[in-house]
Every structure is written in C-alpha cells, then in structure tokens.
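First comes the structure, then the notes that go with it.
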Amino acid sequence: MERIILDKLNWDLHTATPLDFLHIFHAIAVSTRPQLLFSLPRLSPSQHLAVLTKQLLHCMACNQLLQFKGSMLALAMVSLEMEKLIPDWLPLTIELLQKAQVGVSQSKCSLWLGYVRLLDGYKAKRHVSSHNGRPL
C-alpha cells in the first residue's frame, strides 16, 4: 500500500535534508580551516556539530524559516558560526557557496545576506526567550 502511494506521489526517498547539508558543510569547514574550533577547546568537532544540529532543529521548527531551502539554512548556520569563531570567515563562506553551487552574483549575495540576517535574528530571539525575556 505504501509503495502505491509513493509511486503516485513521485516521492524521492533519497532527498537530502538540511541535516545532511549541515554535516557536509561542517566537515568541509573543519577540514579546510582546522583553526575553526581553536576558540572552543572543550568541544570536539562532533560535539560542535551536535550543538549546530540542535540549533538547526530549532530553526527548522520556525515557520518563517521553512520557506528557505534546507541547504541554505545549513549554510547560513555554518556561516554564522564561522563568523563568531574565526576572523577570516568570509572566504570560507564564499568557498562553501561555490561548492553548494550557489552563484555569488550581486542578487544572490543580497538574498544570501537576507538568509543570514533572518537566521541570526531568529537565533537571537530564541536566546532571549529561553532566558525569561532577559538577555544574558
């Protein structure tokens, strides 16, 4: 019965999820910039990925962020994290954009910045609301 439904709806069970993209982008970031986690000496790469995974799952629960592709959410998440951790985050972000086959044209860059701002605003909102409305 399930097979008939899947055939009728043309479901592709091998579709990549935002979590798949997060794993890929994080692996690329950590392998090309080993200094990425130097400012977090108590976290291994897998522990850092677990933190990012939790953040991504929170973002995926936000209705406003569901309009964006999973690859863009994951890329925005990794980009924001790199911006916090290393001074030369922008070249690595551009490299990840190219590997994700996202054009770096002016229009797409402004769209990308919109993704990042929206995601950053959502993370800040979640952070404040998780502390009873008091910022840390």
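Once region 24-74 is narrowed to residues that are in a loop (DSSP other than H, G, I, E, B) and among the polar types (S, T, N, Q), the residue that is modelled with the highest pLDDT is 44. Determine whether region 90-98 contains at least one residue that is of a type in the set (Asp, Glu), surrounded by fewer than 16 Cβ atoms within 10 Å (Cβ to Cβ) and without any contact (Cβ under 8 Å) to a residue 40 or more places away in the chain. Taking every residue of region 90-98 in turn, none turns out to be of a type in the set (Asp, Glu), surrounded by fewer than 16 Cβ atoms within 10 Å (Cβ to Cβ) and without any contact (Cβ under 8 Å) to a residue 40 or more places away in the chain. Sub-8 Å Cβ pairs linking a first residue in region 46-64 that is free of Cβ contacts under 8 Å to residues at least 40 places away in the same chain and closer than 18 Å to residue 83 by Cα to a second residue that is outside any helix (DSSP H, G or I) and of a type in the set (A, V, I, L, M), at least 6 apart or interchain, are 48/40; 51/43, ordered by first then second residue. Evaluate region 9-19: report whether one residue or more is closer than 15 Å to residue 82 by Cα and surrounded by 13 or more Cβ atoms within 10 Å (Cβ to Cβ). No: region 9-19 contains no residue that is closer than 15 Å to residue 82 by Cα and surrounded by 13 or more Cβ atoms within 10 Å (Cβ to Cβ). Exactly one residue out of 133, 103 is in a loop (DSSP other than H, G, I, E, B), modelled with pLDDT under 60 and surrounded by 11 or more Cβ atoms within 10 Å (Cβ to Cβ), and it is 103.
Evaluating residue 9 against the criteria (1) at pLDDT below 80; (2) in contact with a Leu (Cβ under 8 Å, 6 or more places away or on another chain) leaves one unmet condition, (2). All conditions but one from (1) closer than 12 Å to residue 18 by Cα; (2) over 16 Å from the mean Cα position of the chain (by Cα); (3) not hydrophobic (A, V, I, L, M, F, W, C) apply to residue 42; the one that does not is (1).
The values are calculated or read from the model by the stated rules, or taken from the named source; none is laboratory data. Please read all numbers here as calculations on a predicted model, not as lab measurements. Glycine gets a Cβ as well: all are built from the backbone with ideal geometry, and neighbour counts include every protein chain shown.
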